[in-house]
Amino acid sequence: MAEIIATANGDFHDLKSLLSAKDRDYLVQKNGDQVKLANLDGKIVALYFSASQSSPCQRFFSNSIEIYQELAAKGDFEAIFISRDKDEKSFNEYSSKMPWPTIPFSDSTTRDRLIELFQVKKIPRLVILNGEGKILRKNGVSVITEYGADAYPFTEERLEELREEEENEKKNQTLRSFLVSRSRDFLNSNDGNRVPVSDLEGKMVGLYFSLSSLKPCREFTTNLIEIYGQLKEREENFEIVLISLDNQHQSFKEEFERMPWLALPFMDKGLSKLIRYFDLKTLPTLVIIDTDGKTLHSNAVKMIENHGIQAYPFTAERLAELVEIEKSWLKSQTLESLLVSEERDFVIGKRGVKVPVADLVGKHILLYFSAQWCPPCRAFLPKLIKAYHEIKAKDDAFEVIFVSNDSDEASFDDFFSEMPWLALPFGDGKGPSLMGTFQVSVIPTLIAIGPTGKMITKEARDLIKVHGPQAYPFTEEHLKEMEAQVEEMAKRWPEKVSHLFHVEHELVLTRRTVYICNGCKERGLKWSYYCEECDFNLHPRCALEENKKEDGDDMVGHVDSGHDGDVGDEETFKDGCICDGEVCYKAYKA
């Protein structure tokens, strides 16, 4: 067993005992040379647990060689490879690329002992010990990733210094303070030239954090290219720098080739610092740096999506102006202003029939944002169709318009063929515009538009799930009337019931917020027949089965689950969208 010695300053490891075997007091270099363990005396040692087939290990390894060479040159640092490979061939191929020594693959006893001692469950793992064998960092990967060789000698004091330096940099921020490194003072153009960072000083700069494999990034890039071109035509003092999170050079190259701006070099050492420095949380992100080098806007993506080129120059004053413009626009909003474009003044019905938007003026409209690829959308569609027919039978001045989020026309056609209502033509520019206008971030979403063309509510989907067609026309006054009717109805329900579903105790009529009915397995709202001891709920309609056809009781306190077996609790679907059973939404984290 490796010797662990207790001191006044805490426990530390005897490195010779830790790394040696009964018949071995050395490590092995890639050329076969032996490195005596005695050579480690007084050195900072990083134990590198890794495996050749692990993608995270490969990414970390590709960035670590240069850092190692810089640290090894100090004379008191060494790294040691402890392999997690399962076969010697993989070990040999991997270790042959490493400039640091390794424990021989044949010594599985020592490797297994180290893995157990340091509780290595995930790789890559970097355990860093000082010259006395005391652990400095249990997971040095994050430290190396964030600070590189600057983290040396890896003490808490040094890391605190780096944090303070970074805070001071932010207080005295300039373009050079975060875009220039010790080894690089330039950016790349997509024609292969190097552009000095100094050429950007005095300009407003957008730092564009993007990942080419994400659909929202690709879509925003297309939008940003158009806006960038318009700003250049106006000779605005504005530049963009791509900060790519791609880890495949070909993907980076192909995406950068279509961009007319500059970029940080692929997998640049400064990437991790920029991610941390600007507290990157979502993709895409466009950080706006003002002409003085200070951060003006932490993420202007939504501002651009909602306002386009009018968002420039991205100041708080400009945003306030746009808010006032938007308020004024909403006051004058009409159905035509929402749906009509320069090229089109109609929506489409079955077999391509063109229905003039003018024919819909004065009606109640639901804008239905949805897509075939979205499981919750497919699950909700039958419920909406049922409500549509019932509402339409009572009031013909009602219509639904499908706004597709599908990425190909075949999917749009197939999904629209199931719907009895109208749609915006596939690929129409008004679709993204409407999503921006109403800030639609999840699908399915139903926006209720009143006869004047003004929005009534963005929550029409939930209202239909709770109340069905009785929610129409979705106004606040109508909903208050419905709530009063439910309260009046509840007065006629018995305070307690016995039920075959729960024979242990009586169920008590109880006000509840949201719950899952143990009878039909769907969600409920406001009222439940409840057993507190067993945490058991029944919808009033399930508990009072014989009354469910009277007075519309079948809709009271009942909310459809929306799952319908399509998805689990949370799964990733098309282009990184997260579908949680209720909706699909964009949740892109760096």
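The values are calculated or read from the model by the stated rules, or taken from the named source; none is laboratory data. Note that the coordinates shown come from a computational prediction; the quantities given were computed from them, not determined experimentally. Cβ atoms come from the backbone with ideal geometry, glycine included; neighbour counts cover every protein chain shown. Calculation scope for accessible area: heavy atoms of the full protein, side chains included, ligands and nucleic acids excluded. Shrake-Rupley method; radii C 1.70, N 1.55, O 1.52, S 1.80 Å.
Here region 469-505 is the region considered, the condition is being exposed (fewer than 14 other Cβ atoms within 10 Å of the Cβ), under 25 Å from residue 390 (Cα atoms) and not aliphatic (A, V, I, L, M), and the residue that is farthest from the chain's Cα centre (by Cα) is 488.
Confirm whether residue 299 is part of a helix (DSSP H, G or I), surrounded by 14 or more Cβ atoms within 10 Å (Cβ to Cβ) and among the polar types (S, T, N, Q). No: the conditions fail for residue 299. The residues on offer are 321, 305, 343, and the sole one that is more than 27 Å from residue 244 (Cα to Cα), assigned to a helix (DSSP H, G or I) and either touching a His at 6+ places or on another chain (Cβ under 7 Å) or among the acidic types (Asp, Glu) (or both) is 321. Filtered by the rule that a residue be outside any helix (DSSP H, G or I) and open to solvent by 40 Å² or more (accessible area, probe 1.4 Å), region 102-118 gives a lone residue, 106.
Sub-6 Å Cβ pairs linking a first residue in region 16-42 that is under 22 Å from residue 93 (Cα atoms) and in a loop (DSSP other than H, G, I, E, B) to a second residue that is modelled with pLDDT of 90 or more and open to solvent by 30 Å² or more (accessible area, probe 1.4 Å), at least 6 apart or interchain, are 30/96, ordered by first then second residue.
All of 508, 466 fail the test of being touching a Lys or Arg at 6+ places or on another chain (Cβ under 6 Å), of a type outside the set (Gly, Ala, Ser) and open to solvent by 20 Å² or more (accessible area, probe 1.4 Å), apart from 508.
Please verify whether region 400-418 includes one or more residues that are surrounded by fewer than 19 Cβ atoms within 10 Å (Cβ to Cβ) and assigned to a strand (DSSP E or B). No, there is no match, as no residue in region 400-418 is surrounded by fewer than 19 Cβ atoms within 10 Å (Cβ to Cβ) and assigned to a strand (DSSP E or B). Restricting region 335-385 to residues that are charged (D, E, K, R) and under 34 Å from the mean Cα position of the chain (by Cα), the residue that is most open to solvent (accessible area, probe 1.4 Å) is 378. Of the strands (runs of 3 or more DSSP E) entirely within region 119-230, those holding at least 2 residues that are loosely packed, with under 15 Cβ neighbours inside 10 Å occupy 194-196.
Within region 236-292, the set of residues being over 20 Å from residue 183 (Cα atoms) and hydroxyl-bearing (Ser, Thr, Tyr) comprises 251, 282, 285, 291.
Restricted to region 1-54, and to residues that are modelled with pLDDT of 85 or more and β-branched (Val, Ile, Thr), which residue is surrounded by the most Cβ atoms within 10 Å (Cβ to Cβ)? Here the residue is 45. Give the residue that is farthest from the chain's Cα centre (by Cα), with candidates limited to residues of region 441-461 that are closer than 23 Å to residue 383 by Cα and surrounded by fewer than 20 Cβ atoms within 10 Å (Cβ to Cβ). Restricting to residues being closer than 23 Å to residue 383 by Cα and surrounded by fewer than 20 Cβ atoms within 10 Å (Cβ to Cβ), the top hit is 450. The lone criterion from (1) within 30 Å of residue 182 (Cα to Cα); (2) under 23 Å from the mean Cα position of the chain (by Cα); (3) not aliphatic (A, V, I, L, M) left unmet by residue 306 is number (1). Looking only at residues in region 310-352 that are of a type in the set (Gly, Ala, Ser) and touching a Lys or Arg at 6+ places or on another chain (Cβ under 9 Å), which one is farthest from residue 428 (Cα to Cα)? Of everything passing the filter in region 310-352, 311 is farthest from residue 428 (Cα to Cα). Of the residues making up region 231-257, those that are of a type outside the set (A, V, I, L, M, F, W, C), under 23 Å from residue 204 (Cα atoms), without any contact (Cβ under 8 Å) to a residue 40 or more places away in the chain and open to solvent by less than 90 Å² (accessible area, probe 1.4 Å) are 232, 239, 244.
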